[in-house]
Amino acid sequence: MSLIAGSYEKFIWGFKLKPSKHDLSQSTLTLTQTFSYPSHLGPITATAAAGPVAASGSSDDTIHLYDLSSAASLGSLHHHTASVTSLSFFTPPSLSFPRNLLSAAADGSVCIFDADPFVHLKTIKAHKKAINDLSVHPSGKLAISVGRDECLAMLNLVRGRRSFYCRLGKEASLLKFDLGGERFFMVTEQKIGVHEAEDARLVVELECPKRVLCAAPGENGLLFSGGEDRNITAWDTKSGKSAYCIEDAHSARIKGIVILTRNDGVGADDPYLLASASSDGVIRVWDVRMAFKEKPNPLAEVNTKSRLTCLAGSSLRSSKRPQMGKAVQKEKVDAAVEDS
């Protein structure tokens, strides 16, 4: 299992979580640093990971790619002319290597890349102002985004164009599909709206004590959130109530949450792992089943001593080595977009 974290100081941090035969009452997991270097010319604003590959976006308008298996740099993508604000991989259920990478920017544009090799397919103008977040449907056929123009946009990834655009009346900062793609979660300040994916109907609204800065969907209708309250809260999105909470999970606001549950059908005795990162530079790994205790202790912890801005993780394995593409013909562009 791998984690990557971006920082305000332009550094990217890579860690490998190494489990061992453990007793759940003891912290026997370790976070081992695999790489750390200034990969950008400006603060890192977004990260994403899938299988053996990871990506980071920055205010320097570029995307940097990494091979997690060898801790090597794969180069950069320079197709944006504004700060990169969000990154998202699409990985088909039958594959362990991502098929596409989507990136959003502060000029309202979304770029679509083929992930094998990494070549630019198309740029879509999705919003009139900066995009705050982007989420890809599990089918890979569509994506939704929210921006500073207080609007929601839907992108048809099969045809490579914007298919829907509506005004929300308020600015949303985060957007996530659930694992099944039947619902999506939209964050505005302290509130999390649970919406039906088919018609965007609001099902329930979750009230948080302070501003939400990160969220990650889990199994069985759970949604994990973190933010300025420094807690990790697991929400039951069916009832609209908190299922459990890790209070004071960090001493500073939480900037990233990643669920690292194994989904390969083996290792059922492994703990339900969740990683979190705070703005004071600390990354912690939790067994969320221990949250029912009065004060659960993290299974692993590391201090980067930097101002962390985002966190991404991957628990999938692949022997396939990521590649960077130098050129692509129009026929391949059209075929890849139609096959997305």
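A few notes on this one:
- Pair list, Cβ under 7 Å, 6 or more apart: segment 87-101 residue without any contact (Cβ under 8 Å) to a residue 60 or more places away in the chain, other residue surrounded by fewer than 22 Cβ atoms within 10 Å (Cβ to Cβ) and part of a loop (DSSP other than H, G, I, E, B): 92/99; 92/140; 98/91
- Candidates 246, 232, 257: the one that is modelled with pLDDT of 90 or more, under 15 Å from the mean Cα position of the chain (by Cα) and either over 23 Å from residue 127 (Cβ atoms) or open to solvent by 60 Å² or more (accessible area, probe 1.4 Å) (or both) is 257.
- So residue 147, is it of a type in the set (Gly, Ala, Ser) and at pLDDT below 95: no
- Residues in segment 287-315 that are of a type outside the set (Gly, Ala, Ser) and part of a strand (DSSP E or B): 287, 301, 302, 303, 308, 309, 310, 311.
- Some residue of segment 202-223 being open to solvent by 40 Å² or more (accessible area, probe 1.4 Å), hydrophobic (A, V, I, L, M, F, W, C) and touching a residue at least 12 places away in the same chain (Cβ under 8 Å): yes
- When the residues of segment 307-331 are filtered to those that are out of contact with any Lys or Arg (no Cβ under 8 Å at 6 or more places or on another chain) and modelled with pLDDT of 95 or more, the one that is most open to solvent (accessible area, probe 1.4 Å) is 307.
- Selection from segment 70-87 of residues that are open to solvent by less than 30 Å² (accessible area, probe 1.4 Å) and within 19 Å of the chain's Cα centre (by Cα): 77, 84, 86, 87
- Leading residue by the ranking (farthest from residue 102 (Cα to Cα)) among those in segment 167-201 that are assigned to a strand (DSSP E or B) and open to solvent by 40 Å² or more (accessible area, probe 1.4 Å): 191
- Residue under evaluation residue 69, criteria (1) under 27 Å from residue 278 (Cα atoms); (2) of a type in the set (S, T, N, Q); (3) assigned to a strand (DSSP E or B); (4) touching a residue at least 40 places away in the same chain (Cβ under 8 Å), criterion not met: (3)
The values are calculated or read from the model by the stated rules, or taken from the named source; none is laboratory data. Note that the structure is a prediction, hence the values are computed from the model and not measured. Here the Cβ is made from the backbone with ideal geometry for all residues, glycine too, and neighbour counts use every protein chain on show. Just the protein is used for accessible areas: all its heavy atoms, side chains included, with ligands, DNA and RNA removed. Shrake-Rupley method; radii C 1.70, N 1.55, O 1.52, S 1.80 Å.
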